[in-house]
């Protein structure tokens with residue numbers, strides 16, 4: 001799997017401005033730092049429970065101005081974690097948030113903590129100027145209230161808009177037999193962003209598929 005991830009990063013590094021990675025434990029962090037020397041790293045870690053800890057990293061190409069970075073929901077109990085970077089391109093400010101939501105319970109359905117998590121994430125962006133991109137592993141199914149409130153708040157759900165069939169693969173389904181789930185990962189964008197392309201290509205470098213967005217801010 002390491003060889004596959006290495007090949008994927010090398011393939012896409014030439015044309016990618018921002019990488020958002022999750023479950024970035026020491027071996028993965030070392031690999032990313034080695035493969036992405038022309039990027040700045042923004043990382044964070046949060047422990048919630050034995051099966052819910054969050055180690056994330058966002059890599060931004062060094063020719064992009066980073067105005068600030070912040071950790072979202074870092075101090076909220078029973079919530080996941082986001083890394084938001086505020087960037088400037090062509091004198092325009094925009095935000096990219098790398099978010100990882102609670103994985104337990106594994107049904108990926110609504111509960112009090114997941115609703116609080118989505119509400120808190122949305123609240124953290126109220127009042128922030130500029131276009132916004134929020135993406136990652138939300139550990140939620142599409143028909144949950146925890147997902148619907150993003151759309152009700154004005155965000156476009158690219159998984160829904162592009163009729164993506166699944167964000168998981170064989171590795172996931174074999175790992176959790178009897179609980180075949182097709183969705184967990186999402187990208188939400190504010191309406192002023194123009195999408196040039198969005199894809200979720202099939203591969204088995206992870207039990208989650210990569211999400212690739214090309215957009216005009």
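The values are calculated or read from the model by the stated rules, or taken from the named source; none is laboratory data. Remember, it's a predicted structure, so these values are computed and weren't measured experimentally. We place every Cβ from the backbone using ideal geometry, glycine too, and count neighbours over all the protein chains shown.
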Total residues in the stretch 31-78, condition more than 15 Å from residue 101 (Cα to Cα) and more than 16 Å from the chain's Cα centre (by Cα)
18
Could you tell me whether any residue of the stretch 195-205 is in contact with a helix residue (DSSP H, G or I) (Cβ under 8 Å, 6 or more places away or on another chain), buried (at least 17 other Cβ atoms within 10 Å of the Cβ) and more than 22 Å from residue 16 (Cα to Cα)?
no
Given (1) touching a residue at least 24 places away in the same chain (Cβ under 8 Å); (2) assigned to a strand (DSSP E or B); (3) under 24 Å from residue 203 (Cβ atoms); (4) more than 13 Å from the chain's Cα centre (by Cα), identify the lone condition not met by residue 96.
(4)
Just to be sure, is residue 111 closer than 24 Å to residue 182 by Cβ, surrounded by fewer than 21 Cβ atoms within 10 Å (Cβ to Cβ), out of contact with any helix residue (DSSP H, G or I) (no Cβ under 6 Å at 6 or more places or on another chain) and at pLDDT below 95?
no
Return a yes/no flag: does the stretch 169-189 have any residue that is under 16 Å from the mean Cα position of the chain (by Cα), buried (at least 16 other Cβ atoms within 10 Å of the Cβ), farther than 29 Å from residue 3 by Cα and in contact (Cβ under 8 Å) with a residue 24 or more places away in the chain.
yes
Taking the stretch 48-62 as the search range and keeping residues that are touching a residue at least 12 places away in the same chain (Cβ under 8 Å) and assigned to a loop (DSSP other than H, G, I, E, B), which one is nearest to residue 119 (Cα to Cα)?
51
Matching option when the condition is touching a residue at least 40 places away in the same chain (Cβ under 8 Å), touching a helix residue (DSSP H, G or I) at 6+ places or on another chain (Cβ under 8 Å) and either part of a strand (DSSP E or B) or crowded, with 21+ Cβ neighbours inside 10 Å (or both), among 159, 147, 134:
134
In the stretch 118-128, is there at least one residue being over 17 Å from the mean Cα position of the chain (by Cα), exposed (fewer than 13 other Cβ atoms within 10 Å of the Cβ) and under 23 Å from residue 92 (Cβ atoms)?
yes
